[in-house]
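The values are calculated or read from the model by the stated rules, or taken from the named source; none is laboratory data. Worth saying up front: this structure is predicted, and the values here are computed from it rather than measured. Every residue, glycine as well, gets a Cβ built from its backbone with ideal geometry; the counts of neighbours run over all protein chains shown. Areas reflect the complete protein model, heavy atoms only, side chains present, ligands, DNA and RNA absent. Shrake-Rupley method; radii C 1.70, N 1.55, O 1.52, S 1.80 Å.
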Amino acid sequence: MPRLSYRRALTRALGDELARDEAVFLLGEDVQVGASLVTTGLAKRFGTERVRDTPLSEQAFTSFATGAALAGLRPVIEFQIPSLLFLVFEQIVNHAHKFPLMTGGQCRVPVTYLVPGSGSRTGWAGQHSDHPYSLFAHVGVVTVVPATPADAYGLLVTAIRHDDPVVVFAPAGAMDVRDDVDDLAPVPLGRGRIHRFGDDVTVVAIGHLVHDALAVAEELADQVSVEVFDPRTLYPFDIDGLTESVARTGRLVVLDDANRSCGMAAEIIASVVERVRLLAPPRRVTRPDGAVLPFAPALDRAVQPGRDQLATAIHLTMKDGS
Amino acid sequence: MTDADPVGLYRTVRLIRRFEERAVELVHGGQIVGGIHPYLGQEGIAAGVCAALDADDVLAGTHRGHGHVLARGADPARMLAELCGRVTGLNAGRGGSMHAADLSIGVLGANAIVGASGAIITGAVWAHRRRGRDTVGVSFFGDGAVNEGMLLEAFNLAALWRVPVLFVCENNGYATTMPVAGAVAGSIAGRAAAFGIPAVQVDGQDPETVRVAARAAVDRMRAGGGPELIEARTYRFDVHHTFEHAVRLDDYRPPDEVIRGRARDPVRIQGERLTDTDRAAVDVEVEATVDAAVRFALSSPEPDPADALTYLYASGLTARTGGG
């Protein structure tokens, strides 16, 4: 069975879609040389017309992609840095996302925004380490955060083929994950995945944190039976799948590498407790309110949700419910 | 080639004028909610530029965008129905005045965000040409937009990649109430020059002058040239937005300036190029068109609230409802 890294899964997805559909093209900063190590080799294979380096004009090239999509193409933009999404939030939300409704269904805007290396990259400090996926879920832009190489491939392919804008967060903490992968296929949006079945508590983990949750589940295996649910898509969210899981376990902990207030964890908990009567109050492990990731490595780690915090939250929710 | 057509040009400016006057009445009558940004006084620019375009060309406009949509040939009845929020409107009542669009004729939409049209049109034209068409595009914007970074980035992108976009600055002297002199360092044409984009200043009150300038630019672009810019000097005859009819702002435009500005009327200027008979015939025709548009709009059904988010996702994704 071939080993595939998460990063190469993204490269493979881009290459496969560029080969499959002439309407697909890639643009972004330094994509021809592949500075993110994701677009490596694509310019040679598909030419610089379809793998386009842009000037540092994020707002213009984001709306350029909107225009190209309105004219029938399927642009994929790579953003090297997650906080560039703050700069182009207006172009994505106010234009790409709103055009289908505002025009009364006259158009579609199939643009994929790929963010390789989202979240902390250790040492990249305050302006390069955000994880703003909840902002896009809030405004209703399709948002995916794959955790594994197979899902990275499958969700990126699906994003590119999707007829609405999609933001693909590829967390820095997952980029070097390798898996045995024998079957690469599109992964449907809005469908979660249970990585480990359990009886006592459901842990929802987003992106790279799935691997932390699995490690903690294993560590606690002789004390608690932990189920690990990976939503894969944050919007639309697989609330049916998660409800089914929590209805069995009766307990819920969410692990979310983003700021606490109005974050994805809050939305997940609210959506579950609207449907399920839990055995114990739900818990969330997140970055602190309003967190800005400090530079020094120990401080950077201190602000990110960690395995110890997750283990504590699991123990507390078990105690609360007994 | 689109040749000089004085009657056609007059028909367009007269149609926009009467459409806008009736739309203002409908705002006052409560049939158009939210108000409008009337294009009154600026009709010659949309009419002149659109007369230079071919069927495959695309444009995007501004919050003051009715003129662009009408000049491109959208159905005035469906346009007015859109302003009235009716299901028969161009956008099925989902866009309104500031977002009126008709993609079937290359109108990618009025756009309420100042300076937004430039990059969108640049991408659309680039994509159409990649697919083998001979498309050129027009990005309309006002003098206020020349201080938006997004537009200046679009100038750079279009020039760098030689995308044939005609940037048309409708300089009516004011960004809402801010005079150009208080907002623009350097000059508007100078911004184009900085990116190597040829720029001309024209009298935006003369539809034929605008048409000739646009025709020349479009011909050069179609022959392989990159983007160009036209700064059309114009004057807004009425308010920035109809809310000013209800809430009187301080006189930000000197009264004598308003009188001088209104004296150069594009409808009169173009009308004087027609015989009295021809002009009268067009006036009757336009009146009938606008009357029919008003009747159509006001007799059209309003959209069903159950369908409020029908077009939210082109993919057919459905959103959760907001109720408990």
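Put simply, of A:A35, A:A23, A:A65 the only residue that is among the hydrophobic types (A, V, I, L, M, F, W, C) and open to solvent by less than 10 Å² (accessible area, probe 1.4 Å) is A:A65.
Against the definition (in contact with a strand residue (DSSP E or B) (Cβ under 8 Å, 6 or more places away or on another chain), more than 22 Å from A:R20 (Cβ to Cβ) and open to solvent by 10 Å² or more (accessible area, probe 1.4 Å)), how does A:G207 come out, yes or no? Full working, then the answer.
Details: in contact with a strand residue (DSSP E or B) (Cβ under 8 Å, 6 or more places away or on another chain): yes; more than 22 Å from A:R20 (Cβ to Cβ): yes; open to solvent by 10 Å² or more (accessible area, probe 1.4 Å): no.
Answer is no for this residue.
Residue-level check: of (1) within 13 Å of chain A (Cβ to nearest Cβ); (2) in contact with a helix residue (DSSP H, G or I) (Cβ under 9 Å, 6 or more places away or on another chain); (3) surrounded by fewer than 24 Cβ atoms within 10 Å (Cβ to Cβ), B:D75 misses just (1). Flag: A:R232 does not match the condition of being under 18 Å from the mean Cα position of the chain (by Cα) and surrounded by fewer than 19 Cβ atoms within 10 Å (Cβ to Cβ). Taken as a whole, the condition of being more than 16 Å from A:V109 (Cβ to Cβ) and of a type outside the set (V, I, T) does not apply to A:P75. Residues that are of a type in the set (A, V, I, L, M, F, W, C) and either surrounded by 24 or more Cβ atoms within 10 Å (Cβ to Cβ) or over 18 Å from the mean Cα position of the chain (by Cα) (or both) within segment A:93-107 comprise A:A96, A:F99, A:L101, A:M102, A:C107, listed in sequence order.
Taken over segment A:278-316, residues that are surrounded by 15 or more Cβ atoms within 10 Å (Cβ to Cβ), within 21 Å of the chain's Cα centre (by Cα) and part of a loop (DSSP other than H, G, I, E, B) amount to 5. Here B:T135 passes the criteria (1) within 10 Å of another protein chain (Cβ to nearest Cβ); (2) open to solvent by 10 Å² or more (accessible area, probe 1.4 Å); (3) among the hydroxyl-bearing types (S, T, Y) except the one numbered (2). On the basis of being at positive phi, open to solvent by less than 30 Å² (accessible area, probe 1.4 Å) and out of contact with any Cys (no Cβ under 6 Å at 6 or more places or on another chain), does B:G67 make the cut? No: the conditions fail for B:G67.
Restricting the search to strands (runs of 3 or more DSSP E) fully inside segment A:158-205 and requiring at least 2 residues that are hydrophobic (A, V, I, L, M, F, W, C) gives A:166-171, A:201-205.
Are there any pairs with C-beta distances below 7 angstrom linking a residue in segment A:152-171 that is more than 20 Å from A:H131 (Cα to Cα) to a residue that is open to solvent by less than 10 Å² (accessible area, probe 1.4 Å) and among the hydroxyl-bearing types (S, T, Y), with the two at least 6 apart or on different chains, and if so which? If the second residue must be open to solvent by less than 10 Å² (accessible area, probe 1.4 Å) and among the hydroxyl-bearing types (S, T, Y), the pairs left are A:I160/A:T112.
Would you say B:R14 is open to solvent by 40 Å² or more (accessible area, probe 1.4 Å), in contact (Cβ under 8 Å) with a residue 24 or more places away in the chain and basic (K, R)? Break it down into steps so the answer makes sense when it comes.
Numbers: open to solvent by 40 Å² or more (accessible area, probe 1.4 Å): yes; in contact (Cβ under 8 Å) with a residue 24 or more places away in the chain: yes; basic (K, R): yes.
So B:R14 fits the description; yes.
Just to verify a result, which residue in segment A:108-136, among those that are part of a loop (DSSP other than H, G, I, E, B) and buried (at least 22 other Cβ atoms within 10 Å of the Cβ), is farthest from the other protein chains (Cβ to nearest Cβ)? Walk me through how you get there before you give the answer.
Taking segment A:108-136 as the starting set, the residues that turn out to be part of a loop (DSSP other than H, G, I, E, B) are A:108-111, A:119-132.
Narrowing further to those that are buried (at least 22 other Cβ atoms within 10 Å of the Cβ): A:109-111, A:119-120, A:129-131.
Numbers: A:V109: 7, A:P110: 8, A:V111: 10, A:G119: 26, A:S120: 29, A:S129: 25, A:D130: 21, A:H131: 23 Å.
Within segment A:108-136, the match that is farthest from the other protein chains (Cβ to nearest Cβ) is A:S120.
Considering only segment A:76-83, I want to know if a residue exists there that is crowded, with 22+ Cβ neighbours inside 10 Å, within 13 Å of chain B (Cβ to nearest Cβ) and modelled with pLDDT of 95 or more. Scanning segment A:76-83 turns up at least one residue that is crowded, with 22+ Cβ neighbours inside 10 Å, within 13 Å of chain B (Cβ to nearest Cβ) and modelled with pLDDT of 95 or more. Listed by position, the helices (runs of 4 or more DSSP H) contained in segment B:196-308 that have at least 1 residues being closer than 24 Å to B:T135 by Cα and either open to solvent by less than 60 Å² (accessible area, probe 1.4 Å) or modelled with pLDDT under 95 (or both) are B:207-222. Within segment B:106-135, residues that are over 17 Å from B:A46 (Cβ atoms) have Cβ atoms under 7 Å from residues that are open to solvent by less than 10 Å² (accessible area, probe 1.4 Å) and modelled with pLDDT under 95 in no pair, counting only partners at least 6 apart in sequence or on another chain. Where strands (runs of 3 or more DSSP E) fall entirely within segment A:206-267, those with at least 2 residues that are of a type in the set (S, T, Y) are at A:233-235.
Between A:E58, A:E49, A:E90, A:E29, which is more than 24 Å from A:H138 (Cα to Cα), open to solvent by 10 Å² or more (accessible area, probe 1.4 Å) and within 12 Å of chain B (Cβ to nearest Cβ)? Write out each step before concluding.
On the way: A:E58 fails: more than 24 Å from A:H138 (Cα to Cα); A:E90 fails: more than 24 Å from A:H138 (Cα to Cα); A:E29 fails: within 12 Å of chain B (Cβ to nearest Cβ).
Being more than 24 Å from A:H138 (Cα to Cα), open to solvent by 10 Å² or more (accessible area, probe 1.4 Å) and within 12 Å of chain B (Cβ to nearest Cβ) holds for just one of A:E58, A:E49, A:E90, A:E29, which is A:E49.
Among the conditions (1) of a type in the set (S, T, N, Q); (2) facing chain A (nearest Cβ under 8 Å); (3) surrounded by fewer than 24 Cβ atoms within 10 Å (Cβ to Cβ), the only one that B:Q31 does not satisfy is (2).
Contact annotation: residue pairs with Cβ atoms under 7 Å, 6 or more positions apart or on different chains, pairing a residue in segment A:41-54 that is free of Cβ contacts under 8 Å to residues at least 40 places away in the same chain with a partner that is of a type in the set (D, E, K, R) and surrounded by fewer than 19 Cβ atoms within 10 Å (Cβ to Cβ), are A:D53/A:D30. Please find, within segment B:98-132, the residue that is farthest from B:L166 (Cα to Cα) out of those that are more than 8 Å from chain A (Cβ to nearest Cβ) and part of a helix (DSSP H, G or I). Among residues in segment B:98-132 that are more than 8 Å from chain A (Cβ to nearest Cβ) and part of a helix (DSSP H, G or I), the one farthest from B:L166 (Cα to Cα) is B:M98. Of all residues in segment B:138-178, those satisfying the criterion of being open to solvent by less than 30 Å² (accessible area, probe 1.4 Å), outside any strand (DSSP E or B) and more than 23 Å from A:E90 (Cα to Cα) are B:A159, B:V163, B:P164, B:N172, B:G173. Would you confirm whether or not segment B:82-89 contains a residue that is of a type in the set (A, V, I, L, M, F, W, C), within 9 Å of another protein chain (Cβ to nearest Cβ) and open to solvent by less than 30 Å² (accessible area, probe 1.4 Å)? There is no residue in segment B:82-89 that is of a type in the set (A, V, I, L, M, F, W, C), within 9 Å of another protein chain (Cβ to nearest Cβ) and open to solvent by less than 30 Å² (accessible area, probe 1.4 Å).
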